[in-house]
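One structure is given below, encoded as structure tokens.
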Amino acid sequence: MHASERQPPTALLAVETSCDETSVAVVQSGRVASNVVSSQVRLHAEYGGVVPELAAREHLRQLLPIAREALARSGMRAVNLDAIAATQGPGLPSALMVGLKAAQAFAFALRRPFIGIHHHEAHLYSPWVAGDPPVSHFEEFQPNVSLIVSGGHTMLVHVQAKLQHRVLGSTVDDAAGECFDKIGKLMGMPYPAGPQIDRLAEEGNPHAFTFPRPMLNDANDDFSFSGLKTSVRYFLRDHPQLLAEAKVVRDLCASVQAAIVEVLVAKSIRAARRLGVRCFTASGGVTCNRALRRQLAASCQCEKFNLRLAEPSLCTDNAAMIGILAGLKLALHAAPSALDEDIRPNWALAAARP
Ligand code: KG4
Ligand code: ZN
């Protein structure tokens, strides 16, 4: 630990409401004491995607009971908290508003410092939320290249040191999770289709159909997934009868997944190799995908990179990663945020304060 660092505050309560997960966590001395997550996936399923107004109403309904549960599970009392944190952006404006304003009000009432957190920056630290070595050993994995891949984002980030990072590239259109979900919808699956495609693909042939690997050989770290989705759309328009055969559906899922995973893995490894890092990390909902986890593991083994993947239950949005990052920031003397700061729905990672 650097001489100028002090120990993180003993206890910190963190709130995450940027999209369709309501989550509150308590982090004590850099370790997660509780992390309660309530997913709204079923609520939005019939609409084929997240409906912002419904998301905000559900966050409002859920936040207080979840905060009480997080405190109860941690064994902490509110008066013993040292700081409050919440996701400030990016995300759905109405959803962010609920968590941020509730957390600021809580900090005001308790007279504790408040810290607004960048959601993507928190994803960079989610591989350390659980597992071994713990977050205090984060330095062993620096510098690293980190893939953040979910329904809302797909980006590669160079983490040079603790709280120092540079975005290398991101998707120029759809996120990888969005691509899974939209292709699943074309195949008649409910939202979100990623987990179902993953399940069916396990028993399918990834070489049965060939779909494009967009931007695979481009000399940059950006991604594009809308062309793949369009290609599948035309393919299904021309061969609708294929969806009637369960085996073919499994093969289609495996072939689509293979295209997405190949691009994600190849561009990730290429970036890590070019930058000369020895470590690679990944997080975000799509990091639950078993083929992606297997292929990242195989490629990192070939390259002799240390691989640190977020645990599946912590790949999706959660407040534990918000609390872990807030603890790191406070330990590095980051100034608390003002209690009247607004949400930042389009906050760029490059603009996140150290
Ligand atoms: O991180 P997350 O909960 O929310 C954001 O989008 O920020 O990620 C949800 C996304 C959805 O697109 C979902 O289909 C995808 O992650 N996903 C998966 C898997 N599990 C979740 N995609 C592929 N395979 C999976 N096993
Ligand atoms: Zn996320």
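Table for the structure above
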{"item": "Condition met for ALA320 (at pLDDT below 95 and either assigned by TED's automatic domain parsing to the domain that holds ALA85 or open to solvent by 50 Å² or more (accessible area, probe 1.4 Å) (or both))", "result": "no"}
{"item": "Residues satisfying the stated conditions in region 185-244, i.e. open to solvent by less than 40 Å² (accessible area, probe 1.4 Å) and either among the aromatic types (Phe, Trp, Tyr) or not assigned by TED's automatic domain parsing to the domain that holds ARG166 (or both)", "result": "PHE211, PHE223, PHE225"}
{"item": "Considering residues of region 53-63 that are open to solvent by 10 Å² or more (accessible area, probe 1.4 Å), in contact (Cβ under 8 Å) with a residue 40 or more places away in the chain and of a type outside the set (A, V, I, L, M) only, the residue farthest from ligand 1 (Cβ to nearest atom)", "result": "GLU53"}
{"item": "Meets criteria (closer than 17 Å to PHE223 by Cβ, open to solvent by 20 Å² or more (accessible area, probe 1.4 Å) and either of a type outside the set (Ser, Thr, Tyr) or not in a strand (DSSP E or B) (or both)) for ARG344", "result": "no"}
{"item": "Number of the condition not met by THR22 [criteria: (1) at positive phi; (2) of a type outside the set (Lys, Arg); (3) under 18 Å from the mean Cα position of the chain (by Cα)]", "result": "(1)"}
{"item": "Every pair of residues 6+ apart whose Cβ atoms lie under 7 Å, when the first sits in region 315-327 and is without any contact (Cβ under 8 Å) to a residue 12 or more places away in the chain while the second is open to solvent by 10 Å² or more (accessible area, probe 1.4 Å) and within 9 Å of ligand 2 (Cβ to nearest atom)", "result": "none"}
{"item": "Pick from region 102-140, criterion charged (D, E, K, R) and either within 12 Å of ligand 2 (Cβ to nearest atom) or over 21 Å from SER29 (Cβ atoms) (or both), ranking: least open to solvent (accessible area, probe 1.4 Å)", "result": "GLU121"}
{"item": "Among (1) within 16 Å of ligand 1 (Cβ to nearest atom); (2) open to solvent by 70 Å² or more (accessible area, probe 1.4 Å); (3) of a type in the set (S, T, N, Q) - the single one ASN306 does not satisfy", "result": "(1)"}
{"item": "Filter pass, ARG290 being among the charged types (D, E, K, R), open to solvent by 20 Å² or more (accessible area, probe 1.4 Å), assigned by TED's automatic domain parsing to the domain that holds PRO206 and under 19 Å from the mean Cα position of the chain (by Cα)", "result": "yes"}
{"item": "Flag for GLU178 being open to solvent by 40 Å² or more (accessible area, probe 1.4 Å), among the acidic types (Asp, Glu) and farther than 25 Å from HIS333 by Cβ", "result": "yes"}
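Every residue, every condition in (1) out of contact with any helix residue (DSSP H, G or I) (no Cβ under 9 Å at 6 or more places or on another chain); (2) buried (at least 23 other Cβ atoms within 10 Å of the Cβ), yes or no:
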{"residue": "THR10", "(1), (2)": "no, no"}
{"residue": "THR17", "(1), (2)": "no, yes"}
{"residue": "ARG31", "(1), (2)": "no, no"}
{"residue": "ARG42", "(1), (2)": "yes, no"}
{"residue": "VAL51", "(1), (2)": "no, no"}
{"residue": "PRO65", "(1), (2)": "yes, no"}
{"residue": "GLY91", "(1), (2)": "no, yes"}
{"residue": "LEU100", "(1), (2)": "yes, yes"}
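The values are calculated or read from the model by the stated rules, or taken from the named source; none is laboratory data. Just so you know, these numbers come straight off a predicted model, no measurement behind them. Virtual Cβ from ideal backbone geometry, glycine too; neighbours counted across all protein chains shown. The protein model used for the area step is the full one, side chains on, heavy atoms only, and it has no ligands, DNA or RNA in it. Shrake-Rupley method; radii C 1.70, N 1.55, O 1.52, S 1.80 Å.
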